Protein chains: 4
Amino acid sequence: MNDIKFPEGRTLDFTAIGRLCIDLNANEINRPMEQTSTFTKYVGGSPANITIGMSRFDLKTAFIGKIANDQMGRFIRTYLEQNQIDTSNVVNDYTGAVTGLAFTEIKSPTDCSILMYRDNVADLLLTPGEVDEEIIARSKLLLISGTALAQSPSREAVFQALQYAKKHGTVIAFDLDYRPYTWKSQEETAVYYNLAAEKCDIILGTREEFDMMECFEQEHSDHSTASRWFNHSAQIVIIKHGKEGSIAYTKDGASHRAKSFPAKVIKTFGAGDSYAAGFLYGVMQGWTLEKSMEFGSASACIVISSHSCSDAMPRAEQVHEYIARCERGEIVV
Amino acid sequence: MNDIKFPEGRTLDFTAIGRLCIDLNANEINRPMEQTSTFTKYVGGSPANITIGMSRFDLKTAFIGKIANDQMGRFIRTYLEQNQIDTSNVVNDYTGAVTGLAFTEIKSPTDCSILMYRDNVADLLLTPGEVDEEIIARSKLLLISGTALAQSPSREAVFQALQYAKKHGTVIAFDLDYRPYTWKSQEETAVYYNLAAEKCDIILGTREEFDMMECFEQEHSDHSTASRWFNHSAQIVIIKHGKEGSIAYTKDGASHRAKSFPAKVIKTFGAGDSYAAGFLYGVMQGWTLEKSMEFGSASACIVISSHSCSDAMPRAEQVHEYIARCERGEIVV
Amino acid sequence: MNDIKFPEGRTLDFTAIGRLCIDLNANEINRPMEQTSTFTKYVGGSPANITIGMSRFDLKTAFIGKIANDQMGRFIRTYLEQNQIDTSNVVNDYTGAVTGLAFTEIKSPTDCSILMYRDNVADLLLTPGEVDEEIIARSKLLLISGTALAQSPSREAVFQALQYAKKHGTVIAFDLDYRPYTWKSQEETAVYYNLAAEKCDIILGTREEFDMMECFEQEHSDHSTASRWFNHSAQIVIIKHGKEGSIAYTKDGASHRAKSFPAKVIKTFGAGDSYAAGFLYGVMQGWTLEKSMEFGSASACIVISSHSCSDAMPRAEQVHEYIARCERGEIVV
Amino acid sequence: MNDIKFPEGRTLDFTAIGRLCIDLNANEINRPMEQTSTFTKYVGGSPANITIGMSRFDLKTAFIGKIANDQMGRFIRTYLEQNQIDTSNVVNDYTGAVTGLAFTEIKSPTDCSILMYRDNVADLLLTPGEVDEEIIARSKLLLISGTALAQSPSREAVFQALQYAKKHGTVIAFDLDYRPYTWKSQEETAVYYNLAAEKCDIILGTREEFDMMECFEQEHSDHSTASRWFNHSAQIVIIKHGKEGSIAYTKDGASHRAKSFPAKVIKTFGAGDSYAAGFLYGVMQGWTLEKSMEFGSASACIVISSHSCSDAMPRAEQVHEYIARCERGEIVV
């Protein structure tokens, strides 16, 4: 049991707004990208990955976003639809914008990096007028992602989506997902992250991301971070501390930790997205925060043991089975 | 008496943030600008004019803004200082930005227009990091103006100023001052005006300005406009209906009108700024809304009977005397 | 007598392409601009000034340029027409561009400066397709000015004009008129100045301007400068050495100097433009280079003794009389 | 025998300036790109391909260009060096620019298309000051490519390279390589193509490319095109008429055609680059134009029968053998 009350009578469980892009994952791994020669194409982008995850968990999902009018854009739309995600509010760009790219380099399981193409990308061209109020009114949960705040008009589209969610009582989750390369300055970033976070019920981020948001503040502790948002709309604040694990803070002053699981890591990409999907799924099932966090952790383990992010998102049975196998001691690192 | 409670123990009565520019007023009036040959230079910009007005009313005032590193910028700083306005948070730009210009054309008392130079202007380059938290913490009232929201980084500087004002309990007034030419789209404008207005105690604007802010809404009545903001932070919402006069709505559901005064109009520029200065002065004196609005109207009459905006801002005695003369029937149109 | 052969049977003597702007001259002189309060409006821009000068000398003139669709633009067109300049190829901008401004500050006769407004100006938006081939084909002399090369599409419009002039045998004069603030880098400037200068018959500039053009070269002497252009199209290269006077180099290897005249200097603005007008007028009359240079110098003296640039351009009789008075010793400094 | 005289005593045969990018060729061909899932990475860009071709023909080659400071940039430099191309004037960008990408889609041998990423690319950031005069002075032939003219500062770098080539008597070849997506307007394109072409000895392009350059002209025939450039510096003008073959025009008024060869076409990409390499190689060997064109055609046949452009560039023996096999009737379509 947790304290989040989702609105009833909604035809959609989960809607996300934001980045839709392409991951080009090096097929030859454990070497620098200079020495790779082939790449495999996947749908990518943090909110896209989370939505694919939620859909694999058999939730009714939709996406609000913008795609290039080209082969990459058409591939994205088709993939989302094949994953039973409602794409009626995935808008085509007609300005000649391109699809964002992320080339992944896996030098070792712990030394991964990304080469991004984020100039003139379609996803940042979504306008507030293109956001469909009705989809948000029909959803239990709206997920926003920090990268969509990086530039106009996508930034305004997210604020408009937040306005609709507040108006209709849709629960709002904010995956901070801070990517410095699309922002002009840390100050600018902090201002918009803060304006958005004030309106959100569930906030998920790393300690570093919360530090960035508090660049105008003196004190940077988990306690002061969580308190700050509880004074606005937040009910759950999850602060991730890397290897030391995540802590969920709740408005009643409690903090919650969950155990973690072993994994045969191929790369670290996608860990946060699969964690978010697993955790939010648990919260929507009415599970305790501990059980939800555990489910998120196990989801993440499955994804980081695979080559892709989006395509590796597990079904609920797989996650349950992973937990069971860990408990039986069948998975060791 | 009115319901606004200003914080005690502050060393500044009034601080404004936003546009500082130059008015170049045609000396030859009642003709198209093509036929004028000389111009007189004044400090301009809505929040600058209001601050000059407040200072003439003997309030302790400060300004938060940015000026070009040139003769125009130096002229502005000097003029503010001559008017006893604290300029310690008026920052110099060093990027080569220019001072915004407004050439005024007075074809007739009712047919006035402005030719604006707003490209690469210094005032829109104020950054959030340049906003002095302490000045806001020391002020009873912070005034923000809509034009400063038009572009980054000034937009973020205003949101940061709002954040400081909320943190320190400084009362916030928002003069909508919507100027379409500095904005990319009405949608973008509405999003940021709404995000700012949510945080403000006193909102002043024309019916047309509120309509712009409600471009995503169905209903556009004074009643729905006022209610919307009372659900956030607002305590007073003033909606100006041109010749039919202004109406002040208060959180208790009441609406307030004040009488207007005759004036020998030279031009309409500056009417809104002098009204705002007069009204806010009254509210800060603890006067009733009716009396405050009356004082605002009389201030406006004095300014529109003069050649300039900033330089014509009256002292309190002049406003009282204007009202007295009107009551004695000495001023007729 | 000079060696330039102008084409016969042309209905226009002189056509210039480039900048049309507004000078706002401080009325209160011999002080910093911070302390001035009124300005007088004049048409400005180097090629505009030269064309006004040529028209006052009773030559048949035309202008190729672009003006803002506002009061300033209409003032410019009207003024040109009042000066008998053909404005049929002065195009209106409809993108919302503004008219360039130059505020002049006269601290003393020898300490003058200009505050420029050059962002988003209409004159730099002239496109190659807007250049009227027929006007160039009808002209004896085409004058180009360096500032029009500073940005696209005006830069391309000038190269297209050069292409038409070459095709039709119109003599080309290049007034270097280098203004650093509109250029991105000195390298970029040098590349386009050189591409343009290769095609020109008469090149006028200061030693500093030629040095800028030679930033990729080792040797910087008048002799090497002149030789360089004689290897392309040039027939006359005038290099101005400030107080030491100007030297005209000709293809036959000769150099020519002319005497200078005393003047009661108010400000230095406009000296180069009036010199260019006077000199080119002399060359078009078939005068010797010495006599042409003398006429240019006397023209310049008249302009720098006046408050404006464009409006002070003299008629031929005035210049002859000025020379005569100097010779009679009636003008002394 | 042909009439081009290459300078003697040079340590480099061939230097190209311009685009260096990455081709990502779909591994699954004969289908739309939406349905491909893996891509293979190759060095690309027309002048890069031609230089690789020239180096495979055992000429001494160098490249003048700019690469991103990332894995893609390092891959490009390494590949060029592995192909014995001097990269001492291949400059690293440090502004965060990316490497241009070209995703190739092969729907059928005759229906191929490219999805380009050309925003914020490093190759267009080469500055004139970064062009090494000495490399051009040491080269017999300099190749420029039209895409490098598309934006500043690369545009100015090419003009500076042309200036050096003229100064040192290096023969100049111009591969028009017009790609509309990097240009703002056809007018702008025509102006700069024409300014560059005036200075070139050998010009290679399609009829459509020459038409674009003549957008300000009335007559568009091969004869008028060739004559136009012979009035400037050109000695050979090659106009390609697609399936009807190419025609080489020479200054003496002659036109030259060569026979074509059969090929088992996989895709059409790279045909122009391998033709240019083969043709220029022949001209540098002192072969007749017919024999040079034949060699170019056979080179092109080899490349279009392969999966890549750059990597498939043949050695001279392979080209000779291809011609021999065609003559023996061993290659039929």
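Where a number appears in this text, it was derived from the coordinates with a stated rule and is not lab data. All of these numbers come straight from a predicted model, not from anything done at the bench. Here Cβ is always computed from backbone atoms with ideal geometry, including for glycine, and neighbour counts include all displayed protein chains.
Grab the other residues whose beta carbon is less than 11 angstrom from that of C:Ala150, score K and R as +1, D and E as -1, and report the net.
The answer is +2.
Can you give the mean number of other chain Cβ atoms that lie within 10 Å of the Cβ atoms in peptide D:27-34?
Mean shielding count: 3.
Quote the FRET efficiency, to the nearest 0.05, computed for B:Ala316 versus C:Glu133 with a Förster distance R0 of 51 Å and r equal to the Cβ-Cβ distance. Mind showing how you got there, number by number?
Details: r = 67 Å, r/R0 = 1.32.
Once rounded, the FRET efficiency stands at 0.15.
What does the copy distance list look like for D:Thr95, label position 7 Å along Cα→Cβ, in nm and ordered from shortest?
Between copies, matching label points for D:Thr95 lie 1.6, 2.0, 2.1 nm apart.
Convex hull over the alpha-carbon atoms of segment C:234-333: what's its volume per residue in Å³?
Each residue corresponds to 99 Å³ of Cα convex hull volume.
Which value, in debye to the nearest 20, describes the size of the charge dipole of segment A:200-280 about its Cα centre when Lys and Arg Cβ atoms bear +1, Asp and Glu Cβ atoms bear -1, and nothing else is charged?
Here the size comes out at about 500 debye.
Could you give the Stokes-Einstein D for the protein assembly as shown in µm² per second, using the C-alpha Kirkwood radius, 4 °C, 1.567 mPa s? All intermediate terms of the calculation are to be shown ahead of the outcome.
Details: Rh = 35.2 Å.
For these conditions, the coefficient is 37 µm²/s.
Once you order the gyration tensor axes a ≥ b ≥ c over the Cα atoms, which shape class does segment B:189-240 get: rounded for a/c under 1.5, otherwise prolate or oblate by comparing a/b with b/c? Numbers along the way, then the final one.
Numbers: a/c = 1.40, a/b = 1.16, b/c = 1.20.
It is rounded, given that a/c, with a ≥ b ≥ c, falls under 1.5.
With a ≥ b ≥ c the root eigenvalues of the C-alpha gyration tensor of segment C:180-304, is it rounded (a/c under 1.5), prolate (a/b larger than b/c) or oblate?
It is oblate, given that a/c is not under 1.5 and a/b is not larger than b/c.
So if R0 is 60 Å, what FRET efficiency would B:His241 and C:Glu290 give, r being the distance between their Cβ atoms, rounded to the nearest 0.05?
Efficiency computed from Cβ-Cβ geometry: 0.20.
Arranged by the count of other C-beta atoms within 10 angstrom, fewest first, what order do A:His307, B:His320 take?
Neighbour counts put them in this order, fewest first: B:His320, A:His307.
Just the Kirkwood number for chain A, please: inverse of mean 1/r across all distinct Cα pairs, in Å, one decimal. Write out the running numbers ahead of the final one.
Details: mean 1/r = 0.0505 Å⁻¹.
It works out to 19.8 Å.
If each residue's Cβ is checked for other Cβ atoms within 10 Å, how do B:Ile202, C:Ile172, B:Ile4 rank with the fewest at the top?
In order of increasing Cβ crowding within 10 Å: B:Ile4, C:Ile172, B:Ile202.
Once all Cα-Cα distances of segment D:63-219 are split into 5 Å bins that start at 0, what whole-number percent is in each one?
The distribution over segment D:63-219 is 2, 9, 16, 19, 20, 17, 12, 4, 1, 0, given as percents.
At 7 Å along the Cα-to-beta-carbon direction for both B:Asp252 and C:Arg257, put a label point, then send me their distance in nm to one decimal.
9.0
If you find the alpha carbon centre of segment A:254-287 and of segment C:265-333, how far apart are they in angstrom?
After rounding, the separation between the Cα centres reads 83 Å.
Where the convex hull is taken over the Cα atoms of segment C:144-241, what is its projected area averaged over directions, in nm²? Please list the in-between numbers first.
Values: hull surface 22.7 nm².
So the Cα hull casts an average projection of 5.7 nm².
Just to compare against my own numbers: the Cα pair-distance distribution for segment D:258-301, 5 Å bins, whole % per bin, please.
Percent of pairs per bin, in order: 6, 29, 29, 21, 10, 5, 0.
Compute the separation of the alpha-carbon centres of segment A:158-187 and segment C:30-73 and state it in Å as a whole number.
Centre-to-centre distance over Cα atoms comes out at 51 Å.
In what sequence do C:Thr225, C:Thr127 fall when counting other Cβ within 10 Å, fewest first? Spell out each step's value before the answer.
Values: C:Thr225 22, C:Thr127 17.
By the 10 Å Cβ count, ascending, the order reads C:Thr127, C:Thr225.
Going through the cross-link list A:Lys267/D:Lys264; A:Lys5/B:Lys167; D:Lys140/D:Lys240, which pairs have a Cα-Cα distance over 31 Å in this structure?
From A:Lys267/D:Lys264; A:Lys5/B:Lys167; D:Lys140/D:Lys240, over 31 Å: A:Lys267/D:Lys264.
Report the local net charge at B:Ile331: Lys and Arg +1, Asp and Glu -1, summed over other residues whose C-beta lies under 10 Å from its C-beta.
Local net charge: +1.
From the P(r) of segment B:1-142, can you give the percent of Cα pairs sitting at distances over 24 Å?
Considering segment B:1-142, 38 percent of its Cα-Cα pairs are separated by more than 24 Å.
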